[in-house]
Amino acid sequence: MKGLSSEPLNQRAVRLKRAALWTGCALLTFWIAFWRMLPEPLFDEPVAAILLARDGTLLSASIASDGQWRFPPLTHVPEKYRRALFLYEDKRFEHHIGVDPLAVARAVRLNLRSGKTVSGASTITMQVARLARTSETSDAAEDKGYPRGYGAKLGEALLALRLEVAYSKDQILALYASHAPFGGNVVGLEAASWRYFGRSPDALSWAESATLAVLPNAPALVTPGRNRVRLQEKRDRLLRRLQVAGELTALDLELALAEPLVDAPVPLPNHAPHLLETLRTQHPDTARFATTLDADLQIAATQMVRDRAAILARESIHNIAALVVDNKSFEVLAYVGNADWSTRNDLGLAVDIVQRPRSTGSILKPFLYAAMFDNGQLLPHMLVADIPTQYWGYAPENFDHAFRGAVPADMALAQSLNVPAVRLLKEYGVGRFYDLLRGMGMSTLTRPPDDYGLTLILGGAEGTLWDITGMYANLAATARQVTPAPAAPYRDLHVLPPEPQSPAARHASEITPAAAWLTLDALLEAQRPAEEAHWKSFANSRNIAWKTGTSWGLRDAWAIGSTSRYTVGVWVGNASGEGRPGLTGATAAAPLMFELHGRLNPTPWFVQPTLAMKQIEVCRDDGYLANDNCEREKQWVPAGSHFDRQSPYHPLVHLDIGGHYQVDSTCERVSSMQHVSWFVLPPAQEFYFRKAHAGYRELPAYRADCEHTRSTREERSPMEFLYPNAAGKIYIPVELNGSKGRTIFEAVHRDPHARIYWHLDGSYLGTTGTFHQMSLDLPPGPHIVTIVDDSGNRLSRAFEVLARSGVNRG
C-alpha cells in the first residue's frame, strides 16, 4: 500500500518542481522583457538646431529634418509650467510609481458609468511612455501614430513603471516637456514657448504657462481662428484651479485672466543664421549652441548690417560681415556673417563671410610697425621715405598715387601709405613678418613666405575677418598691460564656452605693451569718415584706434577699430569677388564700424604703459636720435628698443656772413663764416617733400669764388637715382605684341633747373631736364649707369639685367 500511495506524491512533487521552474522562467523572461522594453535611445527623432545668446535668448533656429520645430531636449522645466502641468495632468506625479491607482479606479468608474471611454487615467510618465513608443514607429497617423486601446494602455503602464526605475522625476518631466505635441509642427515646450509667445519657457507668465499646459491634451485648439473659445475655457479653468491651490493670488488671477490668448504663431528669431550653420558644420553632433553673444547687441548689429547693406546695394555691393569682440575675455559679443540670409546663390547671402579668406589690403600694416618699434628698427616720429620705389619689378603705389618724399612713421601708418610700408617690410624681412602673423593667429598663410613676397603687406595674402579681428583684439589686450610682465600667449576668439588650452598651444606675444600702445596711439589719429571727421570737437566722442584696408581692384573693404575694451571688425564687398567703384575701407566699411562702436559702453583710453617704456631724445623734425645740430624733444619708446641711428639730416653747413651762400676755408676766413645746422633730405625725398612743405629750406648754393674747389670737397651729391635700386636685378618684360620691353630709369636733382647727362657702360645716351627719365633697351648682363650734371657732379649705379627666364617677384 505504501508503494502504491508514494507514486502520486512523487508525481506531484515533480509537477510542482516543473511548475516552479516554469514560473521562474516566466518571471525571469518577464523581468528581462520588462528591463529591455525601454527603447534605446528613448527618443530617436531629429531635432532642430538652435543658437542661444549668453542669457538664453533664442537668436536662430533651423527646423528639424522631418519638418518639425522640435528643439533639443530640455534639462529642467520652469516652475510655473511645472505647477500648472501637475494640476492639469497629474497632480500626484511626484508620489506615484508611474501608474496612479487612484486615477485608474476613478477612470474605470467613470467609463463604466458612461458606457464609453471618457477618462484614460494616464500619468505624465505614461504619456512619456506613449510618446517614446510613438517615436519607435514609422507611421505618424492617428494621435501621433499609436493605437489607444486597453492593450496599448497596459503597454504604456508597464513602460511607465520601467521609466520610473531608469529616470528621476525631474528627468521624466523634462522628457515630457521636450517631446509633447503643441499643435501644428511644434513639438516640445521650448519650441512652443518661442513659437507662440516669442520668449523662453522661463519667462512665461502664469497665463502662458497654463495655455501650454492644456495644449498637449488637445493640440488642435491652438489653430488660428478655430476653437479659441474652448482653449480659453480650458486655460481660465486651470488658472482658477491654480488660485484655489494657492499658487496664485487674487490679483495674479485677475491679471492672468485678462491676458489675451495666443494668436497666430510668431516667426522664430533669425538673428545669427550664418553662425548657426557654421557651428552645425563644425559640431555635427550638437544641436543646442549656448554662445557668448550678447542678445541685444546681436539683434542691433544684425539690423545695422541690413540697413547698411540696403544703402550699399544701390552701388551693387551686396555682402557685409561684422564682429564685436571683448578684448578682456576674447568672447565674441556679436557675429553677423552676411548682409542677410538667403539661398540666392547669385548674391552669396548664404555664405558666412566671417570665416571666408579675403584679400587683406593694408589691414596688416599695424603689426609690422609694432614689431619694428619693438626691435629698434623704427621710432614713432622717425621720417620714412615715400618716394618712387621698385623691387624686382614690383612698384608699390599709394592709394592717392602721390608721393610725400618723407613722412613720420606714425603719420605713414595713420594715413596707410603703401610705399613706406613696403620699404619697411623690405627692411624687416618678409619671412620674419610671415612668422609674426602666423604666431598671432593668422591661419590662412598656407604658402611659403617667398610666394607672398613684399605684397604680403598690401593684400598679397588672404585673411578671415575672424582671424584678423582676433589679432587686433590681441594687440589691444597687450596694450592694456600697464606693468612689465612675461609675454602672454596670443588668445583665440571664442563664441562657445572655451575649452582649456595648453600653454604651449599658442605662440607667445612678440609685441610688447609699449609697442602695442604706440601703434594704437598712432591709429587714433587716422582720418575718420565725413560723419566722424570732427569727432575731437565733441566731449562724448570715443577714442578708437582704427585701420582700414582695401584690396587691389576694389574687391574687399575692411575696417577694424579698437578701444581699450572692445574691438569691432567689418568687411564689405561681394562674395563673388566682383570689384565696385567706391568699395574702399574708409567709405564702405568704416561708417558701419563706428556705428557699431556707438552701441557699446564707452571705455577710457589705454593707460600709457610707462613702466614698460623709456624716454630718449630725438630730433624734432626727423625723429632720429638727436645729434648736436638739431632741436631736441623727448620721445617714449619700448624699454627694450635698441635704436641707435643718429639723425642723418642735420649737417653743419658753413655760410658767408650774410647767410646766402655756402663757403669753406679755401674761399672765406673762418671768422667770417656762420656755422648753421641745416635740415637736408636726400635729393629724392627732397624732390617730393618740398612740394607739400612750403617751409622747407633748400640748401644754399656755393658762392661763385668757392666753386673751383668743389670737386675736392666731401659733400652730398645733389642727385639721386629713383630707379634702378643699388645692386638691383631687373627683369625686362615682354610686351603684349611679343616685342621686348624697355626699362625707364629715373633720377632727381636738387636744382629743378639742372640738366643731367646719361651714360650706360661709358657710352653717352642723352640729356634730360626738369623730369629726369631715360627709356633704355638693355641686353642681359651686368651694367653701370652714370649721370653727370652741369657742375660736374657724378653718380653711378651698378645693376644686372636678367635673361627672360628670370622671375619677376614682388
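The values are calculated or read from the model by the stated rules, or taken from the named source; none is laboratory data. Predicted, not measured: the structure shown is a model, and the values here were computed from it. Heads up, the Cβs are rebuilt from the backbone with ideal geometry, glycines too, and the neighbour counts pull from every protein chain shown. Protein only, heavy atoms only, side chains kept; ligands, DNA and RNA dropped before computing areas. Shrake-Rupley method; radii C 1.70, N 1.55, O 1.52, S 1.80 Å.
Taking the stretch 608-633 as the range and being in a loop (DSSP other than H, G, I, E, B) and either in contact with a Cys (Cβ under 9 Å, 6 or more places away or on another chain) or not small (Gly, Ala, Ser) (or both) as the test, the residues that pass are 608, 609, 620, 621, 622, 624, 626, 627, 628, 629, 630, 631. For the stretch 644-759, give me every one of the strands (runs of 3 or more DSSP E) that falls completely inside it and has 3 or more residues that are modelled with pLDDT of 85 or more and open to solvent by 20 Å² or more (accessible area, probe 1.4 Å). Here the list reads 674-677. Look at the stretch 179-194: where a residue is over 10 Å from residue 219 (Cβ atoms) and a partner is open to solvent by 20 Å² or more (accessible area, probe 1.4 Å) and among the basic types (Lys, Arg), sitting 6+ places away or on another chain with Cβ atoms under 7 Å, you get 193/199. Here residue 791 clears all of (1) assigned to a strand (DSSP E or B); (2) in contact (Cβ under 8 Å) with a residue 12 or more places away in the chain; (3) among the hydroxyl-bearing types (Ser, Thr, Tyr) except the condition numbered (1). Taking the criterion of being farther than 25 Å from residue 640 by Cα and open to solvent by 30 Å² or more (accessible area, probe 1.4 Å), would at least one residue in the stretch 368-390 satisfy it? Yes, the stretch 368-390 has at least one match. Within the stretch 600-607, not a single residue is assigned to a loop (DSSP other than H, G, I, E, B), open to solvent by less than 10 Å² (accessible area, probe 1.4 Å) and under 30 Å from residue 549 (Cα atoms). Going by the structure shown, is residue 555 of a type in the set (Lys, Arg) and in contact with a strand residue (DSSP E or B) (Cβ under 8 Å, 6 or more places away or on another chain)? So residue 555 passes the test. For the stretch 305-316, a tally of residues being touching an Asp or Glu at 6+ places or on another chain (Cβ under 9 Å) and open to solvent by less than 20 Å² (accessible area, probe 1.4 Å) returns 2. Give 73, 39 a once-over and let me know the one that is within 32 Å of the chain's Cα centre (by Cα) and either open to solvent by less than 20 Å² (accessible area, probe 1.4 Å) or at pLDDT 80 or above (or both). Checking each option against the conditions leaves just 73. Quick one: is residue 352 surrounded by 17 or more Cβ atoms within 10 Å (Cβ to Cβ), modelled with pLDDT under 95 and touching a helix residue (DSSP H, G or I) at 6+ places or on another chain (Cβ under 8 Å)? So residue 352 fails the test. Against the test of being open to solvent by 10 Å² or more (accessible area, probe 1.4 Å), among the hydrophobic types (A, V, I, L, M, F, W, C), part of a strand (DSSP E or B) and modelled with pLDDT of 95 or more, the options 571, 558, 636 yield a single qualifying residue, 636. Pairing each residue of the stretch 408-428 that is in contact (Cβ under 8 Å) with a residue 40 or more places away in the chain and assigned to a helix (DSSP H, G or I) with any residue that is of a type in the set (Phe, Trp, Tyr) and buried (at least 22 other Cβ atoms within 10 Å of the Cβ), provided the two are 6+ apart or on different chains, yields C-beta distances under 7 Å for 409/369; 413/369; 425/433.
Might you check whether a residue that is surrounded by fewer than 20 Cβ atoms within 10 Å (Cβ to Cβ), under 20 Å from the mean Cα position of the chain (by Cα) and not in a helix (DSSP H, G or I) occurs anywhere in the stretch 462-477? Checked the stretch 462-477: at least one residue is surrounded by fewer than 20 Cβ atoms within 10 Å (Cβ to Cβ), under 20 Å from the mean Cα position of the chain (by Cα) and not in a helix (DSSP H, G or I).
Here residue 246 fulfils each of the conditions (1) surrounded by fewer than 21 Cβ atoms within 10 Å (Cβ to Cβ); (2) small (Gly, Ala, Ser); (3) touching a residue at least 24 places away in the same chain (Cβ under 8 Å) apart from (3).
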